[in-house]
Amino acid sequence: MKVKICGLMCPEDAAMCEDLGADALGFVHVPGRSRSLPLESISEMCSSLGSVTSRVLVCKPPTVDSSLAMLADSGADTLQLYSLEPDELLELRDHGVKVLRVVKPSDGEAERYASVVDALVFENGMPGTGAAYDYSSIPAGLRGRSFIAGGLTPENVHIARALKPYGVDVSSGVEVEFGRKDPEKVERFIRGCRS
């Protein structure tokens with residue numbers, strides 16, 4: 001099971017999460033979101049990472065062209081999107097871009113996107129709020145191609161793991177204070193995913 005640590009805000013935390021074995025690191029660029037960073041800051045962090053760690057730009061671009069521009073400016077290798085329609089996501093993939101699409105578990109939109117993305121990211125409630133929900137509400141047939149996100153912590157990640165998703169995605173659940181990751185929580189979270 002893949003582990004994505006999201007909402008990184010400083011190079012020290014990015015390096016720590018990479019050293020502890022995270023498969024992917026997420027950087028938010030969504031105006032108005034509390035962990036949103038300028039693309040220049042994200043680019044600096046991405047350029048400091050090793051070649052094995054995926055760099056995910058979390059964004060909400062209005063068009064395919066703006067998506068490609070944001071990706072290039074950020075230094076990331078994957079887009080995690082809260083926007084764009086299936087045909088636009090296919091166009092991004094035709095450009096060789098890895099695409100994750102955020103969906104809710106219960107409104108049926110997952111099926112619209114499942115065949116046109118590399119993976120789905122299931123999240124409930126307001127984006128980026130870390131709201132927990134009934135993870136078993138994620139359609140069973142889509143779990144193997146999905147990240148479970150929202151409200152995960154070292155204490156409850158076993159619930160998501162039991163559903164056998166492709167991966168899990170955590171942000172505030174491994175923080176010691178807003179915007180700062182706790183090495184002990186990150187280590188316990190990753191161990192809980194792999195043990």
TODO: Quickly run through region 70-102 and pick out the residues that are surrounded by fewer than 18 Cβ atoms within 10 Å (Cβ to Cβ), touching a Pro at 6+ places or on another chain (Cβ under 8 Å) and either within 14 Å of residue 24 (Cβ to Cβ) or without any contact (Cβ under 8 Å) to a residue 40 or more places away in the chain (or both).
DONE: 83
TODO: Take region 15-44 and flag every residue that is under 16 Å from the mean Cα position of the chain (by Cα), outside any loop (DSSP other than H, G, I, E, B) and within 18 Å of residue 71 (Cα to Cα).
DONE: 24, 25, 26, 27, 28, 29, 42
TODO: Consider only pairs whose beta carbons are under 6 Å apart and that are at least six residues apart or on different chains; among these, list those whose first residue lies in region 175-189 and is basic (Lys, Arg) and whose second residue is at pLDDT 95 or above and outside any helix (DSSP H, G or I).
DONE: 181/175; 185/154; 188/154
Open item on the list: Please pick out the residue among 185, 181 that is crowded, with 20+ Cβ neighbours inside 10 Å and either touching a Gly at 6+ places or on another chain (Cβ under 9 Å) or of a type in the set (Ser, Thr, Tyr) (or both).
Closed with: 181
Open item on the list: Please go through region 157-177 and give me each residue that is over 11 Å from residue 130 (Cβ atoms), touching a helix residue (DSSP H, G or I) at 6+ places or on another chain (Cβ under 8 Å) and either of a type outside the set (Val, Ile, Thr) or modelled with pLDDT under 95 (or both), ordered by number.
Closed with: 158, 160, 161, 163, 164, 165, 166
Open item on the list: Filter region 45-95 down to the residues that are part of a strand (DSSP E or B), β-branched (Val, Ile, Thr) and out of contact with any Cys (no Cβ under 9 Å at 6 or more places or on another chain) and list them by number.
Closed with: 78
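The values are calculated or read from the model by the stated rules, or taken from the named source; none is laboratory data. What you see is a predicted model, and the numbers here were worked out from it, not measured in a lab. So basically every Cβ, Gly included, is an ideal-geometry build from the backbone, and we count neighbours across all protein chains shown.
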